[in-house]
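Structure record follows, encoded as structure tokens.
The values are calculated or read from the model by the stated rules, or taken from the named source; none is laboratory data. This is a predicted model, so every value here is computed, not measured. Methodologically, a virtual Cβ is constructed for each residue, glycine included, from the backbone with ideal geometry; neighbour enumeration extends over all protein chains shown. We work out accessible area using only protein heavy atoms, side chains counted, and drop any ligands, DNA or RNA first. Shrake-Rupley method; radii C 1.70, N 1.55, O 1.52, S 1.80 Å.
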Amino acid sequence: MTESTVDKFNIFVVMFLITLVIRLQMPVFTPYAASFDASSMLIGIILGVTSLTNLTGNLIAGPLVDRFGKKRFITFPLFIAGGLFIAHGLASNAGDLLILHALNGFALAFLIPAAFTLLSGYANNSRQQGKNMAINGMLSTLAGIIAPLIGGKMVVMFGYVNTYFFIGAAIIVIGFYSLRFIKDRQMVAVKTFTEDSKSRVLTTPNLLAAYLIGFAVMYIHGVLIFEIPYLTVEKEVSTIQTGQLFSLMSIGTFITLSLFFINQFDPFKRLMCGLFGMSLCLFGLFSTLLPLPYLIFMMGMFFGLVMPAMATSITENAAKEVHGRAFGYMSAVFSVGIILSSSVTGIVRDFMSPYFIAFLIGMIVFTVSGYMRLNSSQMISRLIGSNSK
């Protein structure tokens with residue numbers, strides 16, 4: 001294998017392991033917090049505050065990644081996050097979990113912009129970019145299939161505390177691996193970016209539409225992350241069963257990502273199809289048209305359309321020198337979606353279906369994004385027509 005291929009392989013390995021270990025806690029955190037007598041509202045606040053600190057970290061991370069390189073913003077947060085996960089097992093009340101989870105959200109915020117920016121350097125065109133992102137998505141999804149099952153069984157076998165000890169120790173080991181094998185592909189940028197270069201990230205219509213769809217998708221995802229583990233608290237469903245539901249969703253995502261020919265289609269159309277499909281699944285959830293496992297599986301399939309298309313949309317519409325900033329904004333938008341979904345779900349779930357609220361948001365964003373793209377296309381057509389004259 002060439003040196004470039006080996007370097008890319010190491011990135012995939014690190015991102016896979018990070019996803020695998022972190023997602024072990026998906027069926028764990030909500031019942032763990034509930035064991036400290038945390039109410040649904042407090043759990044929603046904890047998840048919301050964590051996403052808020054993650055948002056703050058995302059906004060800080062983007063410019064720093066562009067300026068100082070990627071590796072350090074992958075490696076160092078892993079050591080910090082590992083220690084914080086170990087500290088989760090030492091928590092004595094819900095207040096401790098609030099602080100630890102918030103700090104963890106900030107530490108992990110630097111990983112995604114840095115990793116995606118580093119991976120984007122291994123593609124020469126949008127098709128290669130789509131393939132790289134799809135492979136990463138497949139590996140992350142595979143981790144998502146395995147991790148909830150392992151996490152749920154670990155709680156049954158070893159308890160919450162030892163599960164968090166394992167997660168923290170494993171992340172520290174991944175940190176050592178990344179320190180040894182991850183390499184920065186591109187030279188660190190030393191120039192100062194102009195305000196025009198920065199502002200283009202936030203004023204490009206296609207990017208704004210993609211970010212808007214990303215917000216809606218992560219809002220929907222956040223509702224699922226909140227509601228599925230809460231079945232353990234309300235309906236006495238075991239953590240193993242809730243882990244199986246998350247795995248079923250990941251299997252659906254994996255199937256879509258494995259269809260590489262999809263990357264030939266326009267990324268914005270894939271974003272729109274994915275959001276529309278997820279919204280229809282939400283309609284099925286609050287109207288109970290189909291059994292929960294079927295809807296969760298289909299939700300995963302549509303989710304698989306979105307993530308590679310999101311990354312490709314960003315690399316196609318943002319200048320290469322501001323990819324770190326653009327991916328940082330992407331992660332920040334994702335965090336905003338999780339913040340609002342966690343907060344709103346914790347507040348309204350006692351008198352209204354959170355799935356209904358998510359459905360409304362999904363359809364509103366679908367309509368607005370479609371209008372923005374159509375309006376942008378018409379403007380470009382007019383400009384081309386005037387120039388030809």
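The table for this structure:
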{"quantity": "Filter result (open to solvent by 20 Å² or more (accessible area, probe 1.4 Å) and of a type in the set (Gly, Ala, Ser)) within region 335-352", "calculated": "SER343"}
{"quantity": "Residue check, LYS70 basic (Lys, Arg), within 23 Å of PHE327 (Cβ to Cβ) and open to solvent by 40 Å² or more (accessible area, probe 1.4 Å)", "calculated": "no"}
{"quantity": "Scope region 335-357; condition more than 17 Å from the chain's Cα centre (by Cα), over 18 Å from ALA38 (Cβ atoms) and small (Gly, Ala, Ser); matching residues", "calculated": "SER353"}
{"quantity": "Verdict on ALA147 being over 29 Å from PHE268 (Cα atoms), buried (at least 23 other Cβ atoms within 10 Å of the Cβ), modelled with pLDDT under 85 and among the hydrophobic types (A, V, I, L, M, F, W, C)", "calculated": "yes"}
{"quantity": "Flag if ALA332 is over 13 Å from the mean Cα position of the chain (by Cα) and open to solvent by less than 50 Å² (accessible area, probe 1.4 Å)", "calculated": "no"}
{"quantity": "Pairs where the first residue, in region 93-105, is open to solvent by 20 Å² or more (accessible area, probe 1.4 Å) and the second is in a helix (DSSP H, G or I) and among the polar types (S, T, N, Q), C-beta under 8 Å, 6+ apart", "calculated": "LEU103/THR53"}
{"quantity": "Breaking point among (1) open to solvent by 30 Å² or more (accessible area, probe 1.4 Å); (2) farther than 21 Å from ILE171 by Cα, for LEU90", "calculated": "(2)"}
{"quantity": "Output for region 304-351, where each listed residue is at pLDDT 80 or above and not in a helix (DSSP H, G or I)", "calculated": "PHE351"}
{"quantity": "Condition met for SER287 (small (Gly, Ala, Ser) and over 20 Å from LEU224 (Cβ atoms))", "calculated": "no"}
{"quantity": "Filtered residues of region 1-34 (kept if outside any helix (DSSP H, G or I) and without any contact (Cβ under 8 Å) to a residue 24 or more places away in the chain)", "calculated": "MET1, THR2"}
{"quantity": "Within region 151-169, tally of residues that are in contact (Cβ under 8 Å) with a residue 40 or more places away in the chain, surrounded by fewer than 20 Cβ atoms within 10 Å (Cβ to Cβ) and closer than 29 Å to PRO293 by Cβ", "calculated": "3"}
{"quantity": "Residue match in region 166-174 (condition: farther than 28 Å from ILE255 by Cβ and at pLDDT below 75)", "calculated": "no"}
{"quantity": "Scan of region 270-301 for residues that are of a type outside the set (A, V, I, L, M) and in contact (Cβ under 8 Å) with a residue 24 or more places away in the chain, ordered by number", "calculated": "ARG270, CYS273, GLY274, PHE276, GLY277, SER279, PHE283, PHE286, PRO293, PHE297, GLY300"}
{"quantity": "Residues (in contact with a Leu (Cβ under 8 Å, 6 or more places away or on another chain) and surrounded by fewer than 23 Cβ atoms within 10 Å (Cβ to Cβ)) located in region 316-328", "calculated": "ASN317"}
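Every residue, every condition in (1) part of a helix (DSSP H, G or I); (2) hydroxyl-bearing (Ser, Thr, Tyr); (3) modelled with pLDDT of 80 or more, yes or no:
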| position | (1), (2), (3) |
| --- | --- |
| VAL237 | no, no, no |
| THR242 | yes, yes, no |
| LEU248 | yes, no, yes |
| ASN263 | yes, no, no |
| ARG270 | yes, no, yes |
| GLY274 | yes, no, yes |
